[in-house]
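**Q** Below you'll find the structure I mean.
The values are calculated or read from the model by the stated rules, or taken from the named source; none is laboratory data. Because the structure is a prediction, the values reported are computed rather than measured. Positions of Cβ are backbone-derived with ideal geometry, glycine not excepted, and every protein chain shown enters the neighbour counts. Just so you know, the surface numbers come from the protein's heavy atoms only, side chains and all, with ligands and any DNA or RNA stripped out. Shrake-Rupley method; radii C 1.70, N 1.55, O 1.52, S 1.80 Å.
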Amino acid sequence: MALPSEEIKSKLDIVQVLREYIDLKPAGRNFKANCPFHQEKTASFIVSTEKQIWHCFGCGEGGDIFKFLMKYENIEFSEALVILAEKAGVELRRLSPTDQKQFGILYDINAAAAEFWNNELENSKRAQEYLKERKLNRETIAEFEIGFAANSFDALTLHLIAQGFAVNDLVRAGLVFKSENANKYIDRFRGRIMFPIHNHSGKVVGFSGRILPELDNGEVGKYINSPETPIFNKSRLLYGFWKSKNEIRETKTALLVEGQMDFLMLWQSGIKNLVATSGTALTADHLSTLKKIADNIVVTFDKDQAGIMAAERAIDLAGASDLTPFVLDFGNYKDPAEAAERDPVAIREAMKTPTPAMEYYFDTYLVGTEGRPAKSVVMTLLSKIKNLWNMIDQANWLRELSHRSSVPIKELAEELERLKDAEISTFKKMEPAVGEQDKDKYSRLDNVTLRMLSLMSIHPGGHNEEAYADFVPPRYKEAYIALTKGETSSLEKDTRALLDMIELRSSLEADTNEEVVKTELRRIFQELELEYLRGKMREISAVITKMEEESSPDDMMIKLREFDDVSKKIKIIEDAKKNQD
């Protein structure tokens with residue numbers, strides 16, 4: 001019997017699955033896209049239908065369908081196995097009992113709980129009245145699978161045990177806990193409207209429960225969430241993202257709200273490119289998810305002090321992560337949900353022209369100041385500017401601050417240089433600039449050689465490649481000879497893998513005509529010969545240095561002539577390159 005992962009891969013087309021996450025376009029026999037794992041303007045991310053693999057030639061990442069999902073969703077292999085098994089229609093319980101026990105059973109339990117609470121909502125007039133009071137329509141309730149947990153100590157526990165689930169697994173799923181005093185198992189959610197939380201692939205992994213107003217005695221939280229489990233990490237998940245990610249990808253903009261009701265009311269009003277945090281502050285992982293498909297983030301906030309502080313933190317985190325932050329002001333409404341209920345048309349119009357976050361800061365902190373504002377105000381705004389990822393943005397807003405505060409830009413620049421990074425900027429220090437972690441993966445010689453091999457694979461023959469075999473770096477020589485001779489059937493595993501990568505890379509050159517290829521190959525062969533000769537010079541120079549003390553003048557003269565010959569060859573090639581330019 002095939003391994004679960006192999007059976008899943010045999011049933012899924014990597015191109016179709018990756019299209020759910022990134023915009024793939026044809027590139028010869030393959031497909032290409034801008035890499036979701038680092039920022040780039042020119043597509044270097046290639047997917048092969050034939051080989052069912054992907055590789056980015058910008059940052060060096062690559063792999064199969066599992067590696068992509070694990071990296072994109074920031075999940076472990078076992079979790080990716082469960083998600084892809086469902087897409088492929090593969091029964092994991094039959095194929096992998098261990099993985100099913102550890103992860104799959106938790107998905108099953110959460111799905112069963114969501115279904116149970118959906119049915120409970122249908123049987124509760126009070127819960128339906130509450131949702132009607134909050135202006136949620138039946139379509140939205142059904143689309144987001146909203147349910148109701150009755151005010152019973154063990155209704156869910158008994159239901160799930162009757163369905164065959166073990167009580168210990170219910171505890172692992174975070175839906176049940178054991179009472180210390182009574183030694184009984186008790187439902188975690190009671191008397192609450194239940195909002196299922198889906199992972200970014202659309203599977204229920206946890207819940208957020210809002211207590212009915214009449215049951216709120218002030219001693220329990222208005223909202224409670226599922227605890228952390230092997231499949232639920234609220235610091236990574238964004239509520240509604242599984243529904244909104246395509247709209248966010250298309251608009252390149254994500255509207256961020258604080259809770260489920262804000263999300264649902266805005267969604268219902270027609271705004272689809274939005275996400276919500278679920279019972280946690282915005283995190284670097286949240287922004288990492290959004291950065292893969294968005295350039296801009298629009299922040300909303302409640303009008304109380306806590307809401308304003310949360311909005312500022314979100315703005316600063318976004319600015320430090322190289323997302324362009326904006327602010328959406330809902331005017332006199334207390335929160336986005338109320339605004340969406342009272343004036344949905346105005347909300348949709350406001351989304352077209354949100355306020356740039358730095359402009360919002362300037363208007364907020366400089367309001368009421370005349371002439372030269374207080375030093376504390378200037379320093380606050382400088383800290384906001386310091387926090388920006390992009391140096392050009394920093395320079396532009398520094399000029400704006402100088403203009404609006406009447407402080408010479410030279411003084412501001414000096415103060416900015418002395419200013420310690422704000423606490424929020426630890427985001428920058430913890431996470432390397434996107435793409436920086438891999439920038440040294442390929443040397444210049446590697447990149448030149450890979451480009452040469454790619455061009456050779458597109459337009460083979462007619463280039464007299466064999467004459468340059470000595471100049472090719474050793475790690476690429478076998479692949480080079482195979483391409484030159486057209487014999488790729490009996491190769492070592494590593495060389496076969498390298499040729500697979502070269503075949504992917506060739507898609508980046510798919511539109512290059514043969515005449516351009518010939519010209520480019522001549523230039524690359526020159527570069528390779530130069531690198532080879534420069535290496536020779538270094539070797540000879542090291543030998544000469546050693547011979548100065550130990551060898552005869554005749555031996556030394558032979559090496560000096562050899563050094564001179566190599567030096568002349570280098571000059572001839574360099575002069576030829578200048579004439580070509």
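**Q** Sort 134-145, 57-68, 193-204 by the packing proxy (mean of other Cβ within 10 Å over each peptide's residues), most packed first. Each step should come with its number before you reach the end.
**A** Details: 134-145: 14.8, 57-68: 18.7, 193-204: 22.0.
Packing proxy ranking, top to bottom: 193-204, 57-68, 134-145.
**Q** Going by alpha carbons, how many degrees (0 to 90, nearest 10) lie between the helix axis of 375-387 and the longest principal axis of the chain?
**A** Tilt of helix 375-387: around 60 degrees.
**Q** Packing-wise, with mean Cβ within 10 Å as the measure, how do 381-390, 216-225, 120-129, 150-159 rank, highest first? Can you show the working numbers first?
**A** Details: 381-390: 20.2, 216-225: 11.9, 120-129: 14.7, 150-159: 17.2.
Going from most to least packed, we get 381-390, 150-159, 120-129, 216-225.
**Q** Taking C-beta distances below 4.7 angstrom as the pairing criterion, name the unpartnered cysteines of the chain, in sequence order.
**A** Cys59
**Q** Restricting to DSSP H runs of at least four residues, report the calculated mean residue ellipticity at 222 nm for the chain, -39500 (n - 2.57) per run over all residues, nearest 500 deg cm²/dmol. Can you show the working numbers first?
**A** Details: 26 runs with 300 residues, N = 581.
Taking each H run of at least 4 residues, the total per residue is -16000 deg cm²/dmol.
**Q** Going by Cα centres, region 10-80 and region 351-414 are how many Å apart?
**A** So the separation of the two Cα centres works out to 40 Å.
**Q** Turning to a different aspect of this structure: Between Ala346 and Glu492, take the C-beta separation as r, use R0 = 60 Å, and let me know the FRET efficiency to the nearest 0.05. Mind dumping the intermediate values first?
**A** Values: r = 66 Å, r/R0 = 1.10.
FRET efficiency, Ala346 to Glu492: 0.35.
**Q** Can you list residues from other chains, or at least 5 along the same chain, whose modelled amide H is less than 5 Å from the amide H of Leu255?
**A** Long-range HN contacts for Leu255: Leu274, Val275, Val298.
**Q** Any chance you could give the angle, 0 to 90 degrees and rounded to 10, that helix 105-122 forms with the longest Cα principal axis of the chain?
**A** 40 degrees
**Q** Return the aspartates and glutamates within reach of Lys578: Cα separation strictly under 13 angstrom, same-chain partners fewer than 8 residues apart disregarded; answer none if there are no such residues.
**A** Reachable aspartates and glutamates: Glu527.
**Q** Something else now. At 0.36 nm per residue, and after removing the present C-alpha to C-alpha distance, how many nm does the segment from Lys559 to Asp285 gain when stretched out fully? Intermediate results must be reported in sequence, preceding the final value.
**A** On the way: separation 274, 0.36 × 274 = 98.64 nm, distance 5.90 nm.
Residue separation times 0.36 nm, minus the Cα-Cα distance, leaves 92.7 nm.
**Q** Which distance in Å, rounded to a whole number, links the C-alpha centroids of region 512-581 and region 132-149?
**A** Measuring centre to centre over Cα atoms gives 74 Å.
**Q** So for the chain: antiparallel DSSP bridges make up what percent, rounded to the nearest 5? Before the final figure, lay out the partial values.
**A** Numbers: 32 of 43 bridges.
Taking every DSSP beta bridge with both residues in the chain, the antiparallel ones total about 75 percent.
**Q** Which entry is the computed Cα extents along the principal axes in Å for this structure: (i) 62, 60, 46; (ii) 73, 59, 56; (iii) 102, 78, 49?
**A** (iii)
**Q** If one takes the longest principal axis of the Cα atoms in the chain, at what angle in degrees, from 0 to 90 and to the nearest 10, does the Cα axis of helix 553-580 lie?
**A** 60 degrees
**Q** Let me ask something else. Could you report the chain's accessible area per residue, 1.4 Å probe, as an integer in Å²? Working shown, then result.
**A** Working: 29030 Å² over 581 residues.
So the chain comes to 50 Å² accessible per residue, rounded to a whole number.
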